[in-house]
Each structure stands twice: as structure tokens, then as C-alpha cells.
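Everything below concerns the one structure shown next.
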Amino acid sequence: MIVHFEPASEEGIATVVRAMAAERASLAVIGGGTRSGLGNPVRADRVLSTRRLSGIVSYNPAEMTVSALAGTPLSEIEAALAENRQMLSFEPMDHRPVFATTGEPTIGGVFAANVSGPRRIIAGAARDSLLGVRFVNGSGDAIKAGGRVMKNVTGLDLVKLLAGSHGTLGILTEVTFRVLPKPPTSETVVVSGLNDAEAAAVMAEAMAQTVEVSGAAHLAESVRGRFIGGGLPDGAATVLRLEGLPASVSIRAEKLAKALERFGAVTRLDGERTAVLWSEIRDVKPYADGTDRPLWRVSVAPSAGHQLVAALRLQTGVDAFYDWQGGLVWLRMEADPEAALVRRYIKALGGGHATLVRANDGFRAAIPSFEPQPAPVALLSERVREKFDPQRIFNPGRMQAVS
């Protein structure tokens, strides 16, 4: 039986790490365990969870900054922000539906995986909101980097480095991040009946308008009925979100609808349905189907997304929808992940990257989940990892397969 550690303090975590270093043993590092399927399988001797390292350390609504222990449930953070009409601007995806996991996502897990959603192009990813961290490195040392205000840039590069490292460089114990005011209202303009190529052109047209679109996605006919209880109009749906003060949103939505009506039938969704729709886009609801069919998260130039899908459909079974404002194409394969095919077409279309978000254990063990790095970058990454975790204690195999 694998031993599980759940320290309730940073010093407790450091003590465990020092013991693992002395034993030359490895650790699988988890928060709430809701993203356990992300990345390649971890092969570790022990498991360490940060879930008992929980609580909001400080929250200053006026300065719009929060410091919280890494194991703090994301729901606790969001509830505190909601009381002050503030939010995490990067809209972190909840992976539980896609992975069919339970438990509570943690704020440390959000930043460790650099999770973001449909507002990414204008608000950035999680790392762009991260101001400071505390973490334990592979030698069992507690390290602080960054600060509580944006102008404090001490250790800022180190902060960015930890975000998206998936627990392979160190164990986050505390994170400090900025938040933003929550828009009072929102509305979605829907253009119906467009094919993928037409939708790409319409979304580019919408982004060129002076209406401040905060979300843009194209939901093909194959997935359209799975959103907001089948409440979208008939035909593929190209959806564009506007947020802000009620009077401003109404005027901008009217302007956008008029600009786009020549492309197809235009309807508008109110704030309540808009909130549901974009949370479902964020959480990839159509492919949260209880299966382990391969699911890719692909980032390519927006104009290349539909070309990628069209090329793949000539070769294999694939379903897709486009979170254009998040810079993503979500691909669900019918059987084999077709990793070589997917990555070859991405390269041919000008480059990008593909992450295998979900697959069965056999595929996850055999296929690099994250985009393979060019040799010089891979060498640099190894040197960084050697400095942070010289004995490779943390999450061995997560970012690259272990033979």
C-alpha cells in the first residue's frame, strides 16, 4: 500500500520532502486530486496532498489581492470574492466533469496547472494573475518569491516558472494573486447556421468591432444541443459574450448584432443563460461524457483551427468545437488519439501545441501528453528541474514519460 502524507503546515511538507530526499524516494503531489488524469502517469513511491494546508491568509478587496494557502478549496476563494463582487478573471476550468473525478479543486492546483478559460485572450492565463508564491523545493527548503502587489517584481520570473509546472519543480504552499471586479451583467450574441470556416471569419469580424467581446466560441451542430439544455437556436452556434454595465452591454450587443446579421440569423441570450453557457464552454461539457475517449486541447492560430479539424476528418473520426477567445480547439477522437497525425497537421498549419487531456491508461503511458519540446528547450527545462529538484522527487513522469 502506498503511504499518503497530508501535512497541515509548510514545515510539515518540508519535513516530508527532506525525509524523501534522504530515502531517495519520490512523491506524487496532489491538491484535491480532481486533475489526476492530466499529464502522463506519475510513478511515485509516496503521495503527498496539500488539502489540509487550507485557508485564506489575507484578502484586501480594495487592493484586489488575495493570499491563500495552496490547499484552499477554489469554491472558498470564489465565495469570498463573490461577497465583494470580484472574480478570478481567468475563469479556471473545472476538470471534474471531463475526468469524472470527485473532491474539491484547490487554488494551488489551479496555479500549478496554469488553468484558464474562455476569457484568456483578454485576461491572460492563471500565471498572469499570480503575484507571489511560497513553495518547498526538492531539498526541503521553503522559498518565497514575488509579492502582494503588481509593482513588486522581486522573483517575478520564478513565480511564472512555478505556474504550469504541474508540481514537478516544487510544492506550492501559498499563492498570492490579483482579482478583478465582476461585471454587473453579461449578454451573448448568437449567430446561427455557420460552418466552421464562416464562423472563423465572423469571430474575427466581431473582434474587430469596438464592442469589447470577452468570449468567442463556435459550437458545431454536433455539440450545439448539449449546451444550456438544448436551448440554443437550431444550427451551429457562433457565440460572442459581452460584459459590463447593463446600459453599456445592451448598446454594444445591439451594435454587434446589427454588424453580424448579414452572416446569418442573430439572437441574444440574457445574463442568466449567458452565465450557464460560458461555464459549460469552459468545462468542455459536450465531452464530459463519462468515457475515456481521447480528448485534445489544441492551441493554434484562430484562422487555422477549422483547417486542422477539416484535415483530421479526412483521416480519422473526430468531433470538435472552438473556444476561439480561449485560443483553443477541443478535439474528441472516436478511438485512437492519433497523436502523430494531430501534431503533424499542427506543424504544417504554422505551429501551435496539443495537450492530450484525457485518454485511457495505455495511451497515457505511451504518448507524450504535453507537446514535446525542441531539444534546446528540453535541455534548458532539465537544467531548471535539476536546480529545483535535483533528485527528481516530485511527480516523476508527469511532464514527460518515465521509461
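Being touching a residue at least 12 places away in the same chain (Cβ under 8 Å), in contact with a Ser or Thr (Cβ under 8 Å, 6 or more places away or on another chain), of a type in the set (S, T, Y) and buried (at least 18 other Cβ atoms within 10 Å of the Cβ): is that true of S116 here?
Against the criterion (touching a residue at least 12 places away in the same chain (Cβ under 8 Å), in contact with a Ser or Thr (Cβ under 8 Å, 6 or more places away or on another chain), of a type in the set (S, T, Y) and buried (at least 18 other Cβ atoms within 10 Å of the Cβ)), S116 does not qualify.
Looking at I281 and the list (1) over 22 Å from L349 (Cβ atoms); (2) open to solvent by 10 Å² or more (accessible area, probe 1.4 Å); (3) in a helix (DSSP H, G or I), which single condition is not satisfied?
Every condition holds for I281 apart from (2).
Assigned to a loop (DSSP other than H, G, I, E, B), farther than 30 Å from Q391 by Cα and either of a type in the set (A, V, I, L, M, F, W, C) or out of contact with any strand residue (DSSP E or B) (no Cβ under 6 Å at 6 or more places or on another chain) (or both) - does that describe any residue in the stretch 109-120?
yes
Answer yes or no: is there a residue in the stretch 4-14 that is under 30 Å from A339 (Cβ atoms) and of a type in the set (D, E, K, R).
Within the stretch 4-14 (the criterion being under 30 Å from A339 (Cβ atoms) and of a type in the set (D, E, K, R)), the answer is no, since none of the residues qualifies.
Could you tell me which of the residues G37, G32 is closer than 23 Å to L131 by Cβ and either among the hydrophobic types (A, V, I, L, M, F, W, C) or open to solvent by less than 30 Å² (accessible area, probe 1.4 Å) (or both)?
Exactly one of G37, G32 is closer than 23 Å to L131 by Cβ and either among the hydrophobic types (A, V, I, L, M, F, W, C) or open to solvent by less than 30 Å² (accessible area, probe 1.4 Å) (or both), namely G32.
Considering only residues that are hydrophobic (A, V, I, L, M, F, W, C) and surrounded by fewer than 20 Cβ atoms within 10 Å (Cβ to Cβ), look in the stretch 92-113 and name the one that is farthest from W324 (Cα to Cα).
A100
For the stretch 159-193, enumerate the residues that are assigned to a strand (DSSP E or B) and more than 22 Å from V266 (Cβ to Cβ).
I171, L172, T173, E174, V175, T176, F177, R178, L180, P181
Sort out which residues of the stretch 219-229 are more than 17 Å from A265 (Cβ to Cβ) and free of Cβ contacts under 8 Å to residues at least 12 places away in the same chain, and write them in order of number.
Within the stretch 219-229, just G229 meets the criteria.
Answer with yes or no whether D94 is within 29 Å of H218 (Cβ to Cβ) and touching a residue at least 24 places away in the same chain (Cβ under 8 Å).
Yes: the conditions hold for D94.
In the stretch 14-33, what residues are closer than 18 Å to P73 by Cα and of a type in the set (V, I, T)?
V29, I30
Restricting to the stretch 15-41, and then to whatever is among the β-branched types (V, I, T) and not in a strand (DSSP E or B), can you tell me which residue is nearest to the chain's Cα centre (by Cα)?
Among them, the one singled out is T34.
Quickly run through the stretch 42-69 and pick out the residues that are buried (at least 16 other Cβ atoms within 10 Å of the Cβ) and assigned to a loop (DSSP other than H, G, I, E, B).
Hits for the stretch 42-69 are V42, A44, T50, R51, L53, S54, M64.
So, restricting to strands (runs of 3 or more DSSP E) that lie completely within the stretch 288-335, which ones have at least 1 residues that are under 13 Å from A197 (Cα atoms)?
The strands (runs of 3 or more DSSP E) meeting that bar are 318-323.
The values are calculated or read from the model by the stated rules, or taken from the named source; none is laboratory data. Treat the numbers as computed from the prediction; the structure is a model and nothing was measured. Reconstructed Cβ throughout: ideal geometry from the backbone, glycine too, with neighbour counts over all protein chains shown. Accessible surface areas use protein heavy atoms only, side chains included; no ligands, DNA or RNA. Shrake-Rupley method; radii C 1.70, N 1.55, O 1.52, S 1.80 Å.
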